[in-house]
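Quick notes on the structure that follows.
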Amino acid sequence: MDAIKALRSQGLRGLAKLRPVGSRVPRIPPNGEAPSTFDWDENYHTEFCVSGTTALALAVAVAIGERQLAYTPEVILPAYGCPDLVAAVLAQKAKPVLVDLVPDSPHMDLEKVKEAFSGATVAIVGVGLLGVPERLELLSELCQSNGVALIEDSAQCFPPASEHQRWADLIVLSFGRGKPVNLMGGGALLVRKDLLSGAKPIINRFPLIEMKLGFRWKVKRLVFNFLLRRFPYFLTEKLPGLNIGETRFKTLDEVVRLALPERLLHLGIDHFHQRSAMHRDYLEQLDPLQKNGWCFLDTEPISRELQRVARNRFGLLAPSRHHRDLAERKLNRAGVGASGLYRRILPKIDGIRGISGTSDYPNARSFAERLLTLPCHEDVTTDDITLIVRILIGLSRE
């Protein structure tokens, strides 16, 4: 009833909304052969998992196995990020150690990272957020000097930054809803080949299930793609109990590998590369915002290759939480699915409180309060970008 009332009150004009994230799942053609290799095959071995979270848990298991500690292993994480980071670490009975960010940046403070090291540290997780990779070259140097593993969490970045550079020992990919390559689920752990002999026995301890692309999967794909359209998405968002976009902490109770058809992943990657890198339009047209206290996340140099790659969202920091919340409300009222993403630092998310200490992490907290994300998927039109720019530029002048 509430959804119906909302529809009546807004009228026909308000019966559509551009989703904040999520690309369509590609159709599987009846015939045709997939390429036999992935771009990272020269340097990394691929193990598929049921999710990106599971892939990260598997990476942590490998990192723990390399050290053979007699006490609780520790994994260094950024204080702002998806709660699944913590779930993956806890699934391997390890302790998450959180580190504050650089001011106005998604990157971890390297001095804080150094302070977080202990004799129990087994890995650092360098998280690429919203298409912006961590400073993996610098983290790699720290990891090598301390004898710990570097895990690149590239769930929100594709292709992974270490693909050819070999900075990371382990790379995590996710193919879930809202990720750059969307297969409605699944993930992958990429293991650097020089580490494979030690990692493989650990990986093989975990169960393996098969992913089938039969009738049920095809129907699920059709329904999923339909719900991404503006009118169905508007209706779905109004339904009570779904809590679309809400950040929740869920424990990971089982780590399972997946026999994912490589043909499907190749189709997903091809679909991803066909999308335009519209974040460059945002960077250009929203540049005047920087004179009024707004910040872009691209604070570090990014290779030309990555600049040309599409992103699943575009992120920027408002001058204050008030400005972020106001911009988010106005954009959503105009039919644009803008989002504050996780909205809180990890220690403040229900279910994580008390697990990782009581530090405040002021830079991460400021980041969480000011982050605004804008859609970058294939259904965003030139008119959408014009509307978004007009609203945000107008707000900055008020």
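The values are calculated or read from the model by the stated rules, or taken from the named source; none is laboratory data. This is a predicted model, so every value here is computed, not measured. Glycine gets a Cβ as well: all are built from the backbone with ideal geometry, and neighbour counts include every protein chain shown. With ligands, DNA and RNA removed, areas are computed over all heavy atoms of the protein, side chains included. Shrake-Rupley method; radii C 1.70, N 1.55, O 1.52, S 1.80 Å.
Miscellaneous remarks
- When the residues of region 177-197 are filtered to those that are assigned to a loop (DSSP other than H, G, I, E, B) and of a type in the set (D, E, K, R), the one that is modelled with the highest pLDDT is Lys179.
- Residue list for region 309-339, filter: closer than 21 Å to Pro106 by Cα and in contact with a helix residue (DSSP H, G or I) (Cβ under 6 Å, 6 or more places away or on another chain): Arg311, Phe314, Leu317, Ala318, Arg321, Arg324, Ala327, Ala338
- Selection within region 315-338 - closer than 19 Å to Leu18 by Cα, part of a helix (DSSP H, G or I) and of a type outside the set (Asp, Glu): Arg324, Leu326, Ala327, Arg329, Lys330, Leu331, Asn332, Arg333
- Restricting region 105-157 to residues that are small (Gly, Ala, Ser) and part of a strand (DSSP E or B), the residue that is surrounded by the most Cβ atoms within 10 Å (Cβ to Cβ) is Gly126.
Residues are listed down the side, and each one gets a yes or a no for (1) at pLDDT 95 or above; (2) in contact with a Cys (Cβ under 6 Å, 6 or more places away or on another chain); (3) closer than 30 Å to Ala94 by Cβ; (4) of a type in the set (S, T, N, Q):
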| site | (1), (2), (3), (4) |
| --- | --- |
| Pro301 | no, no, no, no |
| Arg329 | yes, no, no, no |
| Asp350 | no, no, yes, no |
| Thr358 | no, no, yes, yes |
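- Selection within region 158-197: residues that are under 19 Å from Gly52 (Cβ atoms) and charged (D, E, K, R). The member of this set that is most open to solvent (accessible area, probe 1.4 Å) is Arg177.
- Residue in region 80-94 that is closer than 30 Å to Thr381 by Cβ, open to solvent by 20 Å² or more (accessible area, probe 1.4 Å) and either modelled with pLDDT of 95 or more or among the β-branched types (Val, Ile, Thr) (or both) present: yes
- Note on region 198-251: among residues that are part of a helix (DSSP H, G or I) and of a type in the set (D, E, K, R), the one that is most open to solvent (accessible area, probe 1.4 Å) is Arg216.
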